[in-house]
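In what follows, a single structure is set out as structure tokens and then discussed.
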């Protein structure tokens, strides 16, 4: 019994000792868990405080430089009146190469030559030797991008970006213009609309028509070759609201190539070039005289000389066969110089000067692009009045000429030429009496239809073209050269005027092989250009243009009026 009791006591003592040891272990484990819990709790507090801090201010997430680069070129699209894209911002991928990461340079060059055979690989090798990153290909095609990625060379670095593209290429280059690599507009609408394009999410719609622009440009390109010109220009304008449906200057350029154009021959001849345009000004001389009530279309001028002297210079008729007795109407139809001088003298300096100013011919005109020419100022006098009366010694732009003929056609209301499509247009002030247009347009029509007129080649059946020719010598150092500016300014249809069209050829030459087809229904053909005048050059071009665009205008725009 004693032994059992002793055993029980010993077991109890042993259990008591083991309990203390277990308690000690439990305390250690608890302390560890508490410490870890404290650490997590402390970190949570810090994280929570940080969240509260960030939420308490206007926080903007950090964006990588490459993402900023991707977005900085965003610009609104530019479309024509039918929503065809003229300028568009699209996704593109540029490919760079980091030479220090090339796996096998020889193999890489062989593969690159296969994909891009036209690259200058001597230049590329020199760039690789410099061991610095360089751009290998900008705006890579999807097909070539896939081929490059299949190479698996980590030295090839694709960079996603946005780029400005011009789907119509050369077609609208002079008016759309270009941007630089930093997304700043440097010419054309890209420059003048730069702030709007950067902030506007909607497309900016223009007044121009892609199809008509294409047809007119094709005719100008064709006749630039036929008459061996150095350039040409044409403007088609709505005479009632100033909307420009087409405006072209040749030569033009492809804005996608981002080239710095420094050749003066690429000047915008339609808006920037300033020219003496010759006899197209005789229309304004007669218009001023009719508006002031000085003469009527039937007023007769007798004993017109073949030449007169003024300030030591001689003013002569271009055609000695012009009769000496003519009415005011006949003077314009036959394009008489001396008769126009007589009409100008009857008007007087101040009245004629004011009339031309009201037509926006003598000062720089406001327009949607900055490439605008400034007519050359001059001092008025008796001889300057005489020469200006027949378009000699006075300069203006093709844009201003088209605008002035539009005012002649719309009854005398001022308009503002525009490239930007608007929902509505305010009617401008009237700058001359309505009867002036009623009197002039039938005369301009006779210039195209009568045997004494100078523009019969523009008599396109069904379109009632009315207009005036102008042939002028270009100025040179110390005087005038034999080089010509040939112009035809027209309004059509004569019975219900809607459009003004001006066509200009810069330094045309005669063509002995060209075949002229008369439009009088006689079937007569004439080979060779007999004279380097507007009646044989620009009139022919204008006739071809109206023949091509007439059906579109008659159907597409009939609902507008």
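The values are calculated or read from the model by the stated rules, or taken from the named source; none is laboratory data. Model, not experiment: these values are computed from the prediction. Note: ideal-geometry Cβ built from the backbone for every residue, glycine included; neighbour counts use all protein chains shown.
Going residue by residue through the range 99-120, is there one that turns out to be at pLDDT below 90, in contact with a strand residue (DSSP E or B) (Cβ under 9 Å, 6 or more places away or on another chain) and in the same structural domain as residue 200 (by TED's automatic domain parsing)? There is no residue in the range 99-120 that is at pLDDT below 90, in contact with a strand residue (DSSP E or B) (Cβ under 9 Å, 6 or more places away or on another chain) and in the same structural domain as residue 200 (by TED's automatic domain parsing). Candidates are the residues of the range 248-270 that are in contact with a helix residue (DSSP H, G or I) (Cβ under 6 Å, 6 or more places away or on another chain) and crowded, with 24+ Cβ neighbours inside 10 Å; the one that is farthest from residue 409 (Cα to Cα) is 255. Restricting attention to the range 259-272, the residues that are over 26 Å from residue 498 (Cα atoms) and in contact with a strand residue (DSSP E or B) (Cβ under 8 Å, 6 or more places away or on another chain) total 2. Taking the criterion of being touching a helix residue (DSSP H, G or I) at 6+ places or on another chain (Cβ under 9 Å), in a loop (DSSP other than H, G, I, E, B) and either buried (at least 16 other Cβ atoms within 10 Å of the Cβ) or not assigned by TED's automatic domain parsing to the domain that holds residue 376 (or both), the residues of the range 271-298 that qualify are 271, 272, 273, 277, 292, 295, 297.
When every residue of the range 325-336 is checked against the conditions, none turns out to be in contact with a helix residue (DSSP H, G or I) (Cβ under 7 Å, 6 or more places away or on another chain), surrounded by fewer than 22 Cβ atoms within 10 Å (Cβ to Cβ) and assigned to a loop (DSSP other than H, G, I, E, B). Residue 376 - would you say it is out of contact with any helix residue (DSSP H, G or I) (no Cβ under 9 Å at 6 or more places or on another chain), surrounded by fewer than 23 Cβ atoms within 10 Å (Cβ to Cβ), part of a loop (DSSP other than H, G, I, E, B) and touching a residue at least 60 places away in the same chain (Cβ under 8 Å)? So residue 376 fits the description; yes.
Give the range 300-310 a look and list any residue that's part of a loop (DSSP other than H, G, I, E, B) and surrounded by fewer than 16 Cβ atoms within 10 Å (Cβ to Cβ), or say none. Matches in the range 300-310: 302, 303, 305, 306.
Can you say whether residue 361 is in contact (Cβ under 8 Å) with a residue 12 or more places away in the chain, in contact with a strand residue (DSSP E or B) (Cβ under 6 Å, 6 or more places away or on another chain) and closer than 26 Å to residue 415 by Cβ, as far as the supplied structure shows? If you could, list the steps in order and put the result at the bottom.
Details: in contact (Cβ under 8 Å) with a residue 12 or more places away in the chain: yes; in contact with a strand residue (DSSP E or B) (Cβ under 6 Å, 6 or more places away or on another chain): yes; closer than 26 Å to residue 415 by Cβ: yes.
Yes: the conditions hold for residue 361.
Quick one: residue 420 ticks every box in (1) surrounded by fewer than 19 Cβ atoms within 10 Å (Cβ to Cβ); (2) out of contact with any helix residue (DSSP H, G or I) (no Cβ under 9 Å at 6 or more places or on another chain); (3) touching a residue at least 60 places away in the same chain (Cβ under 8 Å) except a single one, so which number is it? If we test residue 420 against (1) surrounded by fewer than 19 Cβ atoms within 10 Å (Cβ to Cβ); (2) out of contact with any helix residue (DSSP H, G or I) (no Cβ under 9 Å at 6 or more places or on another chain); (3) touching a residue at least 60 places away in the same chain (Cβ under 8 Å), just (2) comes out false.
Residue-by-condition table, conditions (1) out of contact with any strand residue (DSSP E or B) (no Cβ under 6 Å at 6 or more places or on another chain); (2) surrounded by 22 or more Cβ atoms within 10 Å (Cβ to Cβ); (3) more than 19 Å from residue 403 (Cβ to Cβ):
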position: 475; (1), (2), (3): yes, no, yes
position: 485; (1), (2), (3): no, yes, no
position: 490; (1), (2), (3): no, yes, no
position: 504; (1), (2), (3): no, yes, no
position: 507; (1), (2), (3): no, no, yes
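In this structure, is residue 438 part of a helix (DSSP H, G or I) and either within 25 Å of residue 545 (Cβ to Cβ) or at pLDDT 95 or above (or both)? Spelling it out, residue 438 is indeed part of a helix (DSSP H, G or I) and either within 25 Å of residue 545 (Cβ to Cβ) or at pLDDT 95 or above (or both).
Quick one: would you say residue 73 is within 30 Å of residue 175 (Cα to Cα), at pLDDT below 90, more than 26 Å from the chain's Cα centre (by Cα) and part of a loop (DSSP other than H, G, I, E, B)? No: the conditions fail for residue 73.
Only a single item in (1) over 29 Å from the mean Cα position of the chain (by Cα); (2) surrounded by fewer than 19 Cβ atoms within 10 Å (Cβ to Cβ) is not met by residue 529, and it is number (2). The residue that is nearest to residue 393 (Cα to Cα), counting only those in the range 311-321 that are out of contact with any helix residue (DSSP H, G or I) (no Cβ under 8 Å at 6 or more places or on another chain) and in a loop (DSSP other than H, G, I, E, B), is 312. State whether the residues of the range 229-249 include one that is more than 17 Å from the chain's Cα centre (by Cα), modelled with pLDDT of 95 or more and more than 29 Å from residue 191 (Cα to Cα). Looking for residues that are more than 17 Å from the chain's Cα centre (by Cα), modelled with pLDDT of 95 or more and more than 29 Å from residue 191 (Cα to Cα), one finds at least one in the range 229-249, hence yes.
Would you check if residue 497 is under 24 Å from residue 317 (Cα atoms) and in a loop (DSSP other than H, G, I, E, B)?
Values: under 24 Å from residue 317 (Cα atoms): no; in a loop (DSSP other than H, G, I, E, B): yes.
So residue 497 does not fit the description; no.
In the same structural domain as residue 412 (by TED's automatic domain parsing) and part of a loop (DSSP other than H, G, I, E, B): is that true of residue 384 in this structure? Don't jump to the end; show me each part of the working.
Details: in the same structural domain as residue 412 (by TED's automatic domain parsing): yes; part of a loop (DSSP other than H, G, I, E, B): no.
No, not satisfied.
Looking across the range 510-526, just one residue is within 36 Å of the chain's Cα centre (by Cα), part of a strand (DSSP E or B) and exposed (fewer than 11 other Cβ atoms within 10 Å of the Cβ), and that is 515. Could you check, for the range 150-173, whether at least one of its residues is loosely packed, with under 15 Cβ neighbours inside 10 Å and within 17 Å of residue 271 (Cα to Cα)? No: zero hits.
The range 121-223 holds helices (runs of 4 or more DSSP H) entirely within its bounds, and those carrying 2 or more residues that are closer than 28 Å to residue 555 by Cβ and touching a strand residue (DSSP E or B) at 6+ places or on another chain (Cβ under 7 Å) map to 173-176.
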